[in-house]
Structures are given as C-alpha cells and as structure tokens.
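Below is one structure, written out as structure tokens; the observations come after it.
The values are calculated or read from the model by the stated rules, or taken from the named source; none is laboratory data. This is a predicted model, so every value here is computed, not measured. Please note: Cβ atoms are built from the backbone with ideal geometry, for glycine as well, and neighbour counts cover all protein chains shown. What goes into the accessible areas is simple: the full protein's heavy atoms, side chains included, and nothing from ligands, DNA or RNA. Shrake-Rupley method; radii C 1.70, N 1.55, O 1.52, S 1.80 Å.
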Amino acid sequence: MRVYPDQLARHLNQLFPCYLIFGDDPWLIETTKDQIRQFAKRQGFDERVQLIQETGFNWSDLTQEWQAMSLFSSKRIIELNLPNAKPGADGSATLQALLDTPNPDMLLIIEGPKLATEQTNSKWFKTLDANGMYLPCATPEGDQFMRWLDSRIKHFKLNLQSDARAMLYSLYEGNLLAADQAMQLLQLLSPTKPVSADELSHYFEDQSRFTVYQLTDALLTNHQQSAQHMLGQLNGEGTALPILLWALFKELQLLLMLKSEQAQGAALNALWSKHRIWDKRKPLYQAALQRLTLEQIEHMLAFASKLELNLKQHGREDWTGLSHLCLLFDPKAHRQLAHITIE
C-alpha cells in the first residue's frame, strides 16, 4: 500500500508487518522512521536491530534475527538498509519468505534510495508492498513544498508575516532538513513575536539545494526567476559547468528534433512515443514548443556551442554566458538580448 509521508499519521492506527521507506530526502526518511518507531514503541516494540546490506552481507543473518527470541523485549524492530535498493536473488527470496511466515513480534523497516519503475515492479517489492506500507520519500517541489512549509510553520507555532514565509520558501526550497532546523531556531528566537522578511534575513543565509534537472524543468516552463535562482545556487555549490551545459544541450537538441518534426506535420502524440517522453514531462516540452520558434532554438544551440568551445579550448567557465543562455528560454529575451554575442 502506497502512502505518502504527510499522510502517515492518519494511517498509524495499526502496525503493518513491513514498512518500505525509499527516497532521496534524508529529512523525510528520518521523520517517517521516527513516527513508525514511536507508534511501534507504544505497541511494545522496545528493541531495535539494525542491518546494512554491505559487501559480504549474509541474508541468513536477517532470517536468524527474524526468528530469534529477544533477551530484553518480546517485540523487536528490524531495520534493514539497502543502499542500492537491490537485494539480489538471495535477498529477494529471503524477504519474500519472511513475509510468507509473518511474526507478530517482529516489525521490518526497509530503507533505501529512490526506486525506479523496474524495482517497484519486482517480485520482492510487490510481495512486501502487498503485506506492508510503501512510503516514497521524494523531496517536495513547488506547491507541494509550500504545503510542507506551511505545515511545519503551524507545527512550530510560528508567527510569520507573508514576506517572511515567501523568503523561507526561497531560501530553503529543496532542503527540508535545513528548513526544519531554521524553523526550530526561529521558535527559540521569536516564539510569539511576528517575524518579517527583514528580521529573517538577519538569521539565515540562502541554503536551498537544487539539481540540474530542476533547473532544466524550470527553463522548459519559462519560470525565469526560479531558474536564475537555481543557477546561482548550483554555481555556489560548486556544480561543474560542463554538467549544466550537457543538460541544456540535451534539452535543446530534443526540442530541436521535436520542433523540426512538428514543422513537417508530425503529430505530438506520435513524437512523445518516438522520443520516449514520459507523461509527466509532456506538458514541459509542450510549453517550450508553443513558446519558442525553430530559429530561436537553433540560435540557443549555437550559443551553447560557443560556451562549450570556450570552455574546452580556453578553460573559460562563463557563468554569465550560461545565465544568458537560460534567459533565452523566454522568447522575449531573443528580441531584447539579440545584440549580445560571445567572443
């Protein structure tokens, strides 16, 4: 059963034999585990055993722990960490066997990185999911992050003015751990007094974390303010410029193919299938295709090529030029910045 972390509390009226906690957000993973542990503790699960699937890990150790009697507690939690989310043949067989012989005095919590479709379709995962609860812990973005932020502001009983709330969003989007720590500090510094953005700026620095893929998504949908903020953050975090250029090249080349084939009369639905574009990403490309002309996309690719040439031949990391390239995802910029060229 799939349940998102923000819905977990309403499902903690009974314990499942197994909880699957997979994702890329450390704060969500830890808080989700803590909620389950606390609920299990109230049901008498006082002892925890922690196992990690490292090189040489013996799956019989898990079976022995599952079947063993505890000297200290009648009920135990076994926490199994799968760093690659790939238990292999032996692990898959062991996990399925455990759930085929349920033990009411044992609770299994499995954690690991974000799962691909191939993994959620595997036999071991389906068996555990059918008998337990799957909690995907992906970092919320956009409106979902704002809802998470509002829930934490309410949790800490903070009195934030609207500009301070907007600043928190800008500072910490993509970094739940830092955002939560910031709100804990705010609770100590100003538990009841209304806090404005000016006051907030004295407390915190910009700690939002973004990925290259979030940047390209923002550019495809022409969210320029967010994109420029992400670019500055990626630069500050030491993201290699070649990685960013590679990502932009990839998106621009795909846009060029889509736009060219569309101009020749190809239907978008056929192009989605041909280029293996997922349903979730179709609106992003559709927005860019409606906004940009073929000539504008070709100009952007030429601009990107010059940036890459300067980087490879002269070692010039032109972050200003990269910012300019990002601006060109807005068709208005092609008219306003047409006079700017790269030597």
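Structure notes:
- Hits in the range 153-169 - residues which are open to solvent by 50 Å² or more (accessible area, probe 1.4 Å) and either among the aromatic types (Phe, Trp, Tyr) or part of a helix (DSSP H, G or I) (or both): LYS154, HIS155, SER162, ASP163, ARG165, ALA166, MET167, TYR169
- Residue ID - surrounded by the fewest Cβ atoms within 10 Å (Cβ to Cβ), chosen from residues in the range 278-298 that are in contact with a helix residue (DSSP H, G or I) (Cβ under 9 Å, 6 or more places away or on another chain) and farther than 26 Å from LYS332 by Cβ: ASP279
- Per-region count, the range 99-133, residues part of a helix (DSSP H, G or I) and among the hydrophobic types (A, V, I, L, M, F, W, C): 5
- The condition (being open to solvent by less than 20 Å² (accessible area, probe 1.4 Å) and farther than 23 Å from VAL212 by Cα) is satisfied by just one residue among LEU328, LEU271: LEU271.
- Checking SER73 against (1) modelled with pLDDT under 95; (2) part of a helix (DSSP H, G or I); (3) among the hydroxyl-bearing types (Ser, Thr, Tyr), the condition it does not meet: (2)
- Here is the figure for the range 181-234: residues that are farther than 19 Å from ARG165 by Cβ and open to solvent by less than 70 Å² (accessible area, probe 1.4 Å) total 20.
- Selection count, the range 134-152, where residues are outside any helix (DSSP H, G or I), of a type in the set (A, V, I, L, M) and surrounded by fewer than 20 Cβ atoms within 10 Å (Cβ to Cβ): 1
- So LYS250, is it buried (at least 19 other Cβ atoms within 10 Å of the Cβ), at pLDDT 85 or above, under 28 Å from SER323 (Cα atoms) and of a type in the set (Lys, Arg): no
- Pair list, Cβ under 8 Å, 6 or more apart: the range 6-17 residue in contact (Cβ under 8 Å) with a residue 60 or more places away in the chain, other residue β-branched (Val, Ile, Thr) and in a loop (DSSP other than H, G, I, E, B): HIS11/VAL3
- The residue that is farthest from ASN222 (Cα to Cα), counting only those in the range 237-247 that are within 20 Å of the chain's Cα centre (by Cα), touching a residue at least 24 places away in the same chain (Cβ under 8 Å) and open to solvent by 40 Å² or more (accessible area, probe 1.4 Å), is GLU237.
- One residue stands out among those in the range 96-111 that are at pLDDT 95 or above and either of a type in the set (Ser, Thr, Tyr) or farther than 8 Å from PRO17 by Cβ (or both): the one that is most open to solvent (accessible area, probe 1.4 Å), which is GLU111.
- Of the helices (runs of 4 or more DSSP H) lying entirely inside the range 236-343, those containing at least 2 residues that are touching a Phe, Trp or Tyr at 6+ places or on another chain (Cβ under 8 Å) are 241-263, 282-291, 294-314, 319-327.
- Among the residues of the range 259-276, those that are under 17 Å from ALA287 (Cα atoms) and under 27 Å from the mean Cα position of the chain (by Cα) comprise TRP272, HIS275.
This table checks each residue for (1) part of a strand (DSSP E or B); (2) hydrophobic (A, V, I, L, M, F, W, C); (3) at pLDDT 95 or above.
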| residue | (1), (2), (3) |
| --- | --- |
| GLN7 | no, no, no |
| ARG10 | no, no, no |
| GLN14 | no, no, no |
| TYR19 | yes, no, yes |
| PHE22 | yes, yes, yes |
| LYS33 | no, no, yes |
| PHE39 | no, yes, yes |
| ARG48 | yes, no, no |
| THR55 | no, no, no |
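- Summed over the range 12-42, residues that are open to solvent by less than 80 Å² (accessible area, probe 1.4 Å) and more than 25 Å from the chain's Cα centre (by Cα) total 5.
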